1. Tally up the residues in the range 262-282 that are in a loop (DSSP other than H, G, I, E, B), among the polar types (S, T, N, Q) and within 30 Å of GLY239 (Cβ to Cβ), please.
2. Is it true that SER46 is outside the structural domain of GLU178 (by TED's automatic domain parsing), more than 19 Å from the chain's Cα centre (by Cα) and assigned to a helix (DSSP H, G or I)?
3. Hey, any hits in the range 279-298 for a residue that's on the phi > 0 side of the Ramachandran plot, touching a residue at least 24 places away in the same chain (Cβ under 8 Å) and out of contact with any strand residue (DSSP E or B) (no Cβ under 8 Å at 6 or more places or on another chain)?
4. Within the range 93-113, is there a residue that is under 15 Å from ILE185 (Cβ atoms) and surrounded by fewer than 19 Cβ atoms within 10 Å (Cβ to Cβ)?
5. Could you count how many residues in the range 283-330 are touching a helix residue (DSSP H, G or I) at 6+ places or on another chain (Cβ under 7 Å) and either surrounded by fewer than 12 Cβ atoms within 10 Å (Cβ to Cβ) or not in a helix (DSSP H, G or I) (or both)?
6. Kindly provide the set of residues from the range 250-275 that are out of contact with any Gly (no Cβ under 8 Å at 6 or more places or on another chain), of a type in the set (D, E, K, R) and under 13 Å from ALA212 (Cβ atoms), ordered by number.
7. What are the residue pairs meeting all of these: first residue in the range 198-213, first residue at positive phi, second residue surrounded by fewer than 20 Cβ atoms within 10 Å (Cβ to Cβ) and assigned to a helix (DSSP H, G or I), Cβ atoms under 8 Å, and 6 or more apart or on different chains?
Amino acid sequence: MTKQNQNINSALNVQKGIEQPLSLNKDSILKFKQNKKSLLSVDDYSKGILQGNLTVLSRAITLIESSLPSHFDIAQAVIEKCLPFSGKSIRIGITGVPGVGKSTFIEALGKILTNKGHKVAVLAIDPSSQISRGSILGDKTRMEELSNDPNAFIRPSPNAGSLGGVARKTKESIILCEAAGFDVIFIETVGVGQSETAVNAMVDFFLLLMLAGAGDELQGIKRGIMEMADAIIINKADGDNIQKAKNAKMDYSNALHLFPPKTSGWIPKTEICSALSKKGIEDCWDIIQEHHQQLKSNNYFEQKRKEQAKQRMLEMVSDKLKDDFFRDSEVSKLLPKLEKKLLQNKISSYVAAQQLLDIYFKVSSI
């Protein structure tokens, strides 16, 4: 037998098989990548949003979250187009310590609202790592039932290092969601901290979720947050924890009487619920509606919205100045030199900052 015949008859010989076709052809893949990266026109963004197209809404929010200067003007133009169609929702801020059940609570309440005919948007802020700058963005997995609801939209966003976990562009995202027809918008914060001040400046109703028997370790951070809260809800009131939750409700009700009255005239409420078993969730919604009706009747609702708009304008000025400052070519040249001197104790932080400001305003005034 020849060597060639041995190779043919060998069990190790690899027979040429049939080439498997790609599930997607190359042209389709290339077109998908191009469409994913390409920007839409301002009219296409605004038209898609007003039609309730969730894909376009998601792309528009990605656009306004972008830090690229080339995206800023387009994003602002889209916001301007959507602005006349916004402002008709109830904006609800949800906060509480990690593990209190914020996502479970929002999903339970969200499903009740969609069953009532409401359209619910959830802007969930995920903490960005200070080391890798990455985020898990896992709220869609925690709200699986709500994320599959056609009348709900869940958008997890990284906080990108902004104050307390509130995404820098959350207010603009609210405008887009309202223009898309969502009449109830939840803003879920990372947890208890400085973010509550920022959230309170962008919502109509501020809800604080608490746990019964959490211990005195939280007392140091409760007061400032409780003063802002329009309602304190004790979650996980189920099983053996029901009586503890009732006791906690009484304690928080008594504590709220020690705080100064709200300028809106609203008296904060306390309630217990179990988001897991969906008990008491309707009562929480009743409180939110009562608050909304009271503030509408005494005109405080519109007044607060106007104050929020003015505050956002000043924040935008501050953000724009900061961005322009660090993009300035002269500042970019001087900054590493001053950092080196600072680390060598050859210059103070104050003097270094003043030198940077001097060169920036000198260049800017030319």
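The values are calculated or read from the model by the stated rules, or taken from the named source; none is laboratory data. Computed from a predicted model, the values in this text were never measured in an experiment. No Cβ is skipped: glycine too gets one built from the backbone with ideal geometry, and neighbour counts run over all protein chains shown.
1. Total meeting the criteria: 1.
2. The answer is yes for SER46.
3. Within the range 279-298 (the criterion being on the phi > 0 side of the Ramachandran plot, touching a residue at least 24 places away in the same chain (Cβ under 8 Å) and out of contact with any strand residue (DSSP E or B) (no Cβ under 8 Å at 6 or more places or on another chain)), the answer is no, since none of the residues qualifies.
4. no
5. 1
6. Answer for the range 250-275, where residues must be out of contact with any Gly (no Cβ under 8 Å at 6 or more places or on another chain), of a type in the set (D, E, K, R) and under 13 Å from ALA212 (Cβ atoms): just ASP251.
7. That search, which allows pairs on different chains as well, returns GLY213/ASN241; GLY213/LYS244.
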